[in-house]
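Heads up: the structure comes next, in structure tokens.
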Amino acid sequence: MLAYLPRPPTDTSRYGTFPQKPDPPAAPRALAEDSCPQAAATAKRSVLMPNYPSPPRHSSITPGEPPLLRSCGSVAAPHHPGDLPWCPPAAAQESGARWCPLHALSVANIPSSVRSRTPARSSAATAVPAAEGLQGRRRRLLEEDGPVLQAGKRQRQRYVTKVGKCQVNLGNIQEKKRFLSDIFTTIVDLKYRWFLFVFMMCYIVTWVVFGTIYFFDAWVRGDVGHRGDPEWPACIENIDGFVSALLFSVESQRTIGYGSRMVTANCAEGVILLMAQSIVGSMIDALMVGCMFVKISRPKKRAQTLIFSKNCVISRRDEQLCLMFRVGDLRDSHMVDAKIRAKLIKSRQTAEGEFIPLEQSELNLGYDTGEDRLFLVEPQIICHVINHRSPFWDMSAESLRREQFEIIIILEGIVEATGMTCQARTSYTEDEILWGYRFEPCMSLEKGAFRVDYSRFEMTFEVQTPAASAKELHELKELEQQEHSTLSLYWDHLLQPC
């Protein structure tokens, strides 16, 4: 298993990740926020709410001017989401408005060797070609790392497959005798080909062993050479070879009794052997028939009729970001006391520098409110509210692409027909989470009952969802509430008489 584990990350965050993609440079945005506070605040609001319509703005740029140049001295300069405005120092602003190329901030992100080969441009007319060249070099440098990162993502090993099989191999087990102490569970857990092999060998070995003993006893007593002699006191009648002794063993253990071969009262060892074989045969019947019944009726096959949606979705529900997926039961006989839970599999590094690979943390699916107990009659949409206790509290749509984690879903319940506990599992990786989508309804009302259309079980549709994290949305909401309360107090103060 260690072969698939990544190297310990260098950061010491609470929820560390596997080796991630390089973060986009944050220096231009930080410089823009320090230089232009008003533009930074406007850009933050536009980033937090990318899908919401923005109010119209009036541009002061003439049609003949290049699009990459913007006047930083003008107050009415337009700002579009995603642009990186840059303003000169205060001394330069006092002297007068001047044009600032937007690509100037991206020069710092180019390697020094590239910048050294780039000639300096003195005029604003030559700034646009230089910007295009620098941006092209930067794009090529980023594209060179793209296939490597994509190859690393393709080599990613899942902890649990989509069908619920755990991808964990146990090795170097020293005390294998522990498996023999629980022989019943060991036989039941065998694959069918090995189970059938053990089933047949248990009977064949006992038949051959007791047949050999019968033949040896008849040969020692001389029954083989005196077959057909009515005056000879035979211990086992009609035994003339090993094959006839083997047939006698099969007839005795399976209680067939054709009547041609039998044990007489002339020898005590024959009676003891017959009793021993009868007891051993009964024990083998009880063990093998019980194992066969349990293996056929295992609830593992019942779990194949419990289905999960192929993807998770993240969207807003009741003004909160929620992680949602869908579960369904294909059988008419429903699960009793169905419960669902989720685990987040993610590596992290502690504050002391200890690397914890594949750490398991719990995702709250409504344990405190009882929403994790399902009445699984129709497909249910399971919701995980992303709050301050959720590990996705700081995750946005952009950071989701750089994360590496796995969500394990476990659905447990009692099979109504057999009373056995059934467990179905699946997993979702970060590539299988859709940001800004919802599941389409799959239930409709028909005459006398509700109809579930499982052809729409996997269908989703896009909705208007902020690309910011739940923490940023919470902070923005608190900021708006503070502004509203401040304006209300100011307005009440103005309305009061002197």
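Side notes on the structure shown:
- Options TYR437, TYR367, TYR454; residue that is modelled with pLDDT of 95 or more, at negative phi and among the hydroxyl-bearing types (Ser, Thr, Tyr): TYR437
- Among the conditions (1) assigned by the TED database to the domain that holds LYS343; (2) more than 17 Å from the chain's Cα centre (by Cα), the only one that ILE409 does not satisfy is (2).
- Residue count for the range 429-487, restricted to those that are open to solvent by 80 Å² or more (accessible area, probe 1.4 Å), in contact with a helix residue (DSSP H, G or I) (Cβ under 9 Å, 6 or more places away or on another chain) and part of a loop (DSSP other than H, G, I, E, B): 1.
A quick yes/no check of all residues on (1) open to solvent by less than 60 Å² (accessible area, probe 1.4 Å); (2) on the phi > 0 side of the Ramachandran plot; (3) modelled with pLDDT of 90 or more; (4) not in a helix (DSSP H, G or I):
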| position | (1), (2), (3), (4) |
| --- | --- |
| ALA265 | no, no, no, yes |
| MET275 | no, no, yes, no |
| ILE279 | no, no, yes, no |
| ASP285 | yes, no, yes, no |
| MET288 | yes, no, yes, no |
| CYS291 | yes, no, yes, no |
| ALA303 | yes, no, no, no |
| SER315 | yes, no, yes, yes |
| LEU323 | yes, no, yes, yes |
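The values are calculated or read from the model by the stated rules, or taken from the named source; none is laboratory data. This is a predicted model, so every value here is computed, not measured. Please note: Cβ atoms are built from the backbone with ideal geometry, for glycine as well, and neighbour counts cover all protein chains shown. To get the accessible areas, we keep the full protein, side chains included, count just its heavy atoms, and leave off ligands, DNA and RNA. Shrake-Rupley method; radii C 1.70, N 1.55, O 1.52, S 1.80 Å.
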